[in-house]
Every structure is written in structure tokens, then in C-alpha cells.
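Visitor: Encoded as C-alpha cells, here's the structure I'll be asking about.
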Amino acid sequence: MTDFAALVPAGATVALVGGAVRDGLLGIASNTSPDLDLAIEGADLQALATATGLPFTFHAAFGNATVTLPDNRTVDLIRTRRETYPVAGGNPVPEPGTLTEDLQRRDFGLNALALVLEPGGELHLLDVVGGLPDIQARVLRPLHSGSFHEDASRLVRAARLAARLDLAAHPDLLAQVPDALKMAEQTPRLWAELRLLLAEPRPGRAARMLETWGAGQLPPPASLPLLDALDAEKEQGVAVNFQTYAAALLHVAPNPADLAARLNLGEKPAALLARALSDTPYPDGSPERILRRLLRPDAYTPLTGRDVVALGVPAGQQIGAALAYLAGLRAAGQVQSAEDERAALRQYVRNLPPS
């Protein structure tokens, strides 16, 4: 940070903000926040990013730049700003502002702390919203009484942070839950936050936070036991990915296609769900088998072509016919296990005409 500050013009203010400051004060290892946010007041950030000599992307709408470091981490250069919400639930309108105004526009007290770099290279902690006591108490406190009305997605973000960082809800947060629920349908960013919830280390825990706070209807309520079960699989060392959590959510959604569109899930979770609900064999540890074990606990591995040949079906077209016969029995609920299939197939073979 000190080397970077040498590129900043005289009179500008540079401060480390966001998750890196919060997690450091909470005593969380720095590798949980690999990317850095620098709030900068009084500098042209496009020119500053160019001066680094590193690859960067400039975001003209906000005057920000994202610089990619040689180790592939990123540094967001953020023009300090204030924000207004002309329409609650809509996108905020940014205007240039001071570092103090930038901190005051943020969501929670513990996310509104800054490490300011002084001209001599010293760092000092700037707390203009009382965030340090929130860090010490490990609580999430909205910065003003209309916070969740203007941006209901902050409720879901709070649940994500609470689950990941073991934080509690401040009474001011709980008092605003009804506002967030009223504004949910008018806040597209809320659905983006729900998508991010599925990528958390423990999505089930985050969803249970919402339930505890009186907002359990945001993810489909019937999904909570499935998300809990997938969390439990993770705790046992099973690799459970984002797509598996998303497929579980779609399984119980009243309108899966609508939910997939709102969460911008793409086609993969629905395709995974269809495979999990099918009888196609998949290897142990695959997403399909993980989901099938939860959604179809009585499911078994159907016989394969190799099994059919071993039980006496002649090679060739007869194998496909035998497999189709077994699939029909499964669809009709007439076989409940691989042993049932073997018994049915033996009878099938006995009834085959002589070759």
C-alpha cells in the first residue's frame, strides 16, 4: 500500500476499506479477503491505474478502476462518493464525495472502517460511524433507519456475513426486516445476493440466519432442510459445489424456471437436477450422486448392460430391449432395488424365444 501511495498525487487521501479492514480487526486470516479495496479522494483513478503499469479495467459510471496484480489478486481503486436512492430498491445515484461521506454510505458499521495512509507512511484507523464497537461486539448494525427500505439486498448480505463470520444481528437490523420483505420484489439486487448466498462456505447456515430473523421465505422455505443437509455433507469433507446447492433450491421452488431466471443461474443447475432425478448411473462423490442421495434416498444403482449380459441376455439388440424393459418396470414402481431387477431380468430371460 505504501509503494502504491507514492503514485498518488499530493493532497489526495488513500484509505484501505472494506472486507480486508473488517476481517483484520475480527482476527480473521488475511487470505479470506485476498482482494483489496482502496478508497481514494482527490485523484483521477484512470490516470492512477495507468501509472501502475499493471492491467486494469476502468468503470466509467463510478470513476473506479480495478487493477490486476502479478499474483492475480485485484485492487479496486474506488473514487470516494456519496449516494442517493431516487427510487427505493433501484440503483443508487453516485456523486463525488469525501472519504467520510463514502464511509457513511456503506451498509453496516463494521464495513465502514478505514485505514488511512498518512503522508509520512503511517496508518490510522478512521471510524466515523461507530463501527469499532460493532467489531468488538461482533454485531451487524445498519447505518441508518431506512437502510433496508432503500436497499433490501442488505438483509441477505447480512445473513451471508453473519453465517460466514459468526456475527449477531443488532436490534436495529431486526427492526428493519419487515421493510426489507416489503421491498424485496422491487429490489433486483436482492436476488443477486441470494445467488451469492449459494456460493458461501455454508449456504444452509446463511439461509437459517434469514429464517431466524423472520425472513425465511426469501429462499423457498422447503429448501432449508436440503441446504442444511448439503452443509452437513461439506462438514464431512464432501466437495459440494455451487451448482449442487442451486439444483437443490430449484427442486423445491414453486416455479423453478422463474427462480433460475431471477437468480441468473443459467442452465447447469436445472440440468444437474434432472440427472440427479434420473436412473442414469453416476460415480460416488459426483454432484448427481450427492443430490440423488438426498432427493431420492431409496434410489439404487440400476443394472447396466454388463449386468444384463452376465444374466444371460444375448449380445446385440436384445441388450437394449432388456434395459428398456427394466426402465419400464422402474417407471411403474414394480422394482425397488437392484435385486428386484435381477429377479425380473431372470424371468425375462426365461421368457425369451429360443435363438
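Visitor: Scan the range 330-353 residue by residue and report those that are among the basic types (K, R) and closer than 16 Å to R306 by Cα.
Guide: R342, R346
Visitor: A follow-up question, please. I'd like to know if the range 276-286 contains one or more residues that are under 26 Å from L190 (Cα atoms) and not polar (S, T, N, Q). Talk me through it step by step, then tell me what you get.
Guide: Just the residues of the range 276-286 that are under 26 Å from L190 (Cα atoms), to begin with: none.
No: the range 276-286 contains no residue that is under 26 Å from L190 (Cα atoms) and not polar (S, T, N, Q).
Visitor: Moving to a separate point now. Listed residues A20, A6; which is modelled with pLDDT under 90 and either open to solvent by 70 Å² or more (accessible area, probe 1.4 Å) or of a type in the set (A, V, I, L, M, F, W, C) (or both)? Working first, answer last.
Guide: Numbers: A20 fails: modelled with pLDDT under 90.
Among A20, A6, only A6 is modelled with pLDDT under 90 and either open to solvent by 70 Å² or more (accessible area, probe 1.4 Å) or of a type in the set (A, V, I, L, M, F, W, C) (or both).
Visitor: So which of V129, V156 ends up being open to solvent by less than 10 Å² (accessible area, probe 1.4 Å) and either in a helix (DSSP H, G or I) or β-branched (V, I, T) (or both)?
Guide: V156
Visitor: Go through the range 80-117 and give me each residue that's modelled with pLDDT of 95 or more, over 23 Å from G11 (Cα atoms) and aliphatic (A, V, I, L, M).
Guide: L110 - this is the single residue of the range 80-117 that is modelled with pLDDT of 95 or more, over 23 Å from G11 (Cα atoms) and aliphatic (A, V, I, L, M).
Visitor: Pairs only if they're at least six apart or on different chains, beta carbon under 8 angstrom, first in the range 56-80 and within 17 Å of E95 (Cα to Cα), second assigned to a loop (DSSP other than H, G, I, E, B); list them, first residue then second.
Guide: Listed by first residue and then by second, the contacts come to I78/F62; R79/F62; R79/G63; T80/G97; T80/T98.
Visitor: Same structure, new question: If you scan the range 258-272, which residues turn out to be under 11 Å from W191 (Cβ atoms), open to solvent by 70 Å² or more (accessible area, probe 1.4 Å) and assigned to a loop (DSSP other than H, G, I, E, B)?
Guide: Matches in the range 258-272: N264 only.
Visitor: From L227, L249, grab the single residue that is touching a Gly at 6+ places or on another chain (Cβ under 6 Å), closer than 27 Å to L165 by Cα and in a helix (DSSP H, G or I).
Guide: Values: L249 fails: touching a Gly at 6+ places or on another chain (Cβ under 6 Å).
After ruling out the rest, the residue left standing is L227.
The values are calculated or read from the model by the stated rules, or taken from the named source; none is laboratory data. Small disclaimer: the values here were computed from a predicted structure and weren't measured. All Cβ positions, glycine included, derive from the backbone under ideal geometry; neighbour counts span all protein chains shown. Keep in mind that these areas ignore ligands, DNA and RNA; they rest on the heavy atoms of the full protein, side chains included. Shrake-Rupley method; radii C 1.70, N 1.55, O 1.52, S 1.80 Å.
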